[in-house]
Amino acid sequence: MPEFDPTCPHQMENPYPVYAAARAEQPVFFSPQFQMWIVTRYEDICTVVKDPAAFSSSGAASVGGGFPPEVQAVLAEGIPITPSLVDNDPPSHTRFRNLVNKAFTSRQVADLESRVRQVAQELVESFVHEGHADLITRFATPFPGWVIADILGLPREDMPELKRLGDAMVALLGSAHEPLERQLEYARGVVQFTKYLRARVRERAAAPRDDLLSLLVTGRDERDSALSDPELVSMLSQLLNAGHETTTNLIGNALVLLLDRPEQLRALREDPGLIPQAVEESLRMDAPVQGLFRTTTREVELGGVKLPAGTRLHVLYASGNHDESVFPQPERFDLHRPNSDAHLAFSRGIHFCVGAHLARQEGRIALEVLLQRLPNLRYQDGLRPVRRTHFFVRGYEHLPLAWDVG
């Protein structure tokens with residue numbers, strides 16, 4: 001079996017052959033390089049994510065078990081990052097989840113449809129006449145950024161800087177094997193990010209508005225207890241990063257999958273009713289988050305392997321999405337696949353993505369608007385997409401595309 005190393009350029013470009021070999025030969029295996037066990041089969045992944053008592057989500061979004069002392073010293077200058085949604089277990093997780101769930105019901109997301117479509121159209125109108133653009137920087141990044149800013153009640157003009165600082169937080173979580181100076185740079189961004197969020201929290205505490213940020217600041221749990229500033233900052237940072245980063249990657253990944261399969265792109269233009277299926281198949285084929293992490297709380301057996309308490313696991317959702325026993329011909333992009341929505345891109349169980357309804361809506365509207373407004377969409381001559389580098393986040397840094405004008 002090839003060595004698992006998502007940091008090497010070859011696997012960063014295409015990790016799926018390594019996942020397939022692992023599923024066939026050793027579906028739960030130990031990585032000496034990263035000092036963790038890798039879980040690759042759909043059934044085993046579901047076992048892990050549906051059993052929070054045996055598989056803790058503490059540190060679920062961080063590659064390493066901790067940061068170097070120098071990095072911790074920089075982080076101490078900001079607001080303490082406390083477990084909230086992704087990296088938390090019941091009963092604490094339940095408290096956060098119950099507050100956020102109120103804002104992301106399917107009905108409330110449906111009510112956002114016209115606003116989300118308006119944002120997409122407004123962005124496309126700003127560059128459609130140019131005939132070419134980097135779709136990541138001009139559309140896929142600002143689109144979900146503006147949407148989540150509007151929902152939270154943050155100024156749209158703040159989003160480019162917040163994206164930069166949020167990227168620093170995401171990068172730090174995946175930086176365990178990067179040079180110290182790079183980690184320190186990320187940590188300084190995290191400090192700025194948390195201080196910005198605390199300032200907005202205190203503004204809403206003093207003068208609440210009709211937005212999600214005010215709802216979270218003034219909300220109470222079943223014990224009639226409000227969240228502290230560090231808890232609010234931690235939860236907001238996760239909502240911003242998850243609501244921004246993953247949808248940007250979904251849009252970019254979906255566009256590349258379609259552009260590399262012109263017959264599928266043609267089918268969508270001829271029948272836009274297939275676009276929701278294209279979103280699901282894109283999430284299955286190239287998940288924006290390849291996997292997250294768990295830690296065993298007791299001895300367990302998984303995939304025929306006995307794991308003691310305290311074992312660190314990397315749960316590869318993206319490998320489960322290519323499991324042949326669930327998705328026949330998994331490397332085939334199939335707009336008519338009957339179970340595409342059984343993918344694990346949004347995880348399962350209590351940590352099922354709180355923003356899944358919104359992400360699906362944004363992905364659908366993005367493809368609808370782009371395919372309608374950008375005829376003969378194609379790669380720019382001589383230019384190819386540029387992948388971003390990250391341990392478990394999968395997307396594009398740049399996507400230079402062209403289309404016909406007038």
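The values are calculated or read from the model by the stated rules, or taken from the named source; none is laboratory data. Predicted model, so just to flag it, every value in this text is computed and none were measured. Backbone-built Cβ (ideal geometry, glycine too); neighbour counts: all protein chains shown. The area values use the complete protein model at the heavy-atom level, side chains included, leaving out ligands, DNA and RNA. Shrake-Rupley method; radii C 1.70, N 1.55, O 1.52, S 1.80 Å.
Odds and ends about this structure:
- Each Lys and Arg Cβ is given +1 and each Asp and Glu Cβ -1; about its Cα centre, the stretch 194-257 then shows a dipole of about 240 debye.
- Summing charges over all other residues whose Cβ lies under 14 Å from the Cβ of Asn321, with Lys and Arg as +1 and Asp and Glu as -1, gives -3.
- Rounded if a/c under 1.5, otherwise prolate or oblate - the stretch 120-180, Cα gyration tensor axes: oblate
- Percent accessible area from carbon and sulfur atoms, the chain, protein chains only, probe 1.4 Å: 52
- Computing Rg/Rh (Cα atoms, Kirkwood Rh) for the structure here picks out one of (1) 0.97; (2) 0.95; (3) 1.01, namely (2).
- Solvent-accessible heavy-atom area per residue, rounded to whole Å², over the stretch 30-157 at 1.4 Å: 44
- The simple spin-label model puts a point 7 Å past each Cα toward its Cβ; for Thr389 and Glu324 those points are separated by 3.4 nm.
- For the stretch 261-406: rounded, prolate or oblate by the Cα gyration tensor [a/c cutoff 1.5]: prolate
- From phi via Karplus (6.51, -1.76, 1.60), per-residue ³J(HN,Hα) for the stretch 389-398 in Hz, x at Gly/Pro: 9, 6, 5, 10, 9, 10, x, 10, 7, 9
- As a rough guide to protection, the peptides 115-127, 291-303, 373-385 ranked by mean Cβ packing within 10 Å, highest first, stand as 291-303, 115-127, 373-385.
- Amide proton proximity set for Leu292, modelled H, under 5 Å, gap of 5+: Val315, Tyr317
- The GluC sites (Glu not before Pro) of the stretch 1-107 that DSSP puts in a loop, and whose beta carbon has at most 11 other beta carbons within 10 Å, are Glu3.
- Local charge for Ala171 was computed over the other residues whose Cβ lies under 15 Å away, with Lys and Arg +1 and Asp and Glu -1, and equals +1.
- Per-residue HN-Hα couplings for the stretch 169-181 [Karplus 6.51, -1.76, 1.60; θ = phi - 60°; Hz; x = Gly/Pro]: 5, 4, 5, 4, 5, x, 9, 3, 10, 9, x, 4, 4
- The label-point distance for His10 and Glu161, in a model that sets each label 7 Å from Cα toward Cβ, rounds to 4.4 nm.
- For the stretch 126-241, the gyration tensor built on C-alpha atoms gives an oblate shape. Its axis ratio a/c (a ≥ b ≥ c) is at least 1.5, and a/b is not larger than b/c.
- The DSSP beta bridges internal to the chain are antiparallel in roughly 90% of cases.
- The slack between Ala226 and Gln192, meaning 0.36 nm per residue of separation minus the straight C-alpha distance, is 9.8 nm.
- Phi to ³J(HN,Hα) by Karplus 6.51 cos²θ - 1.76 cosθ + 1.60 over the stretch 22-31, Hz, x for Gly, Pro: 5, 4, 7, 9, 7, x, 10, 9, 9, 9
- Debye, to nearest 20: dipole size of the stretch 147-207, +1 on Lys, Arg Cβ, -1 on Asp, Glu Cβ: 260
- From the alpha carbon centroid of the stretch 235-269 to that of the stretch 276-293 is 9 Å.
- CD proxy at 222 nm, helix term only [per DSSP H run n ≥ 4: -39500 (n - 2.57); per residue of the chain; nearest 500]: -14500 deg cm²/dmol
- Amide hydrogen neighbours beyond the local backbone of Glu397, cut-off 5 Å, H modeled: Val386, Arg387, Arg388
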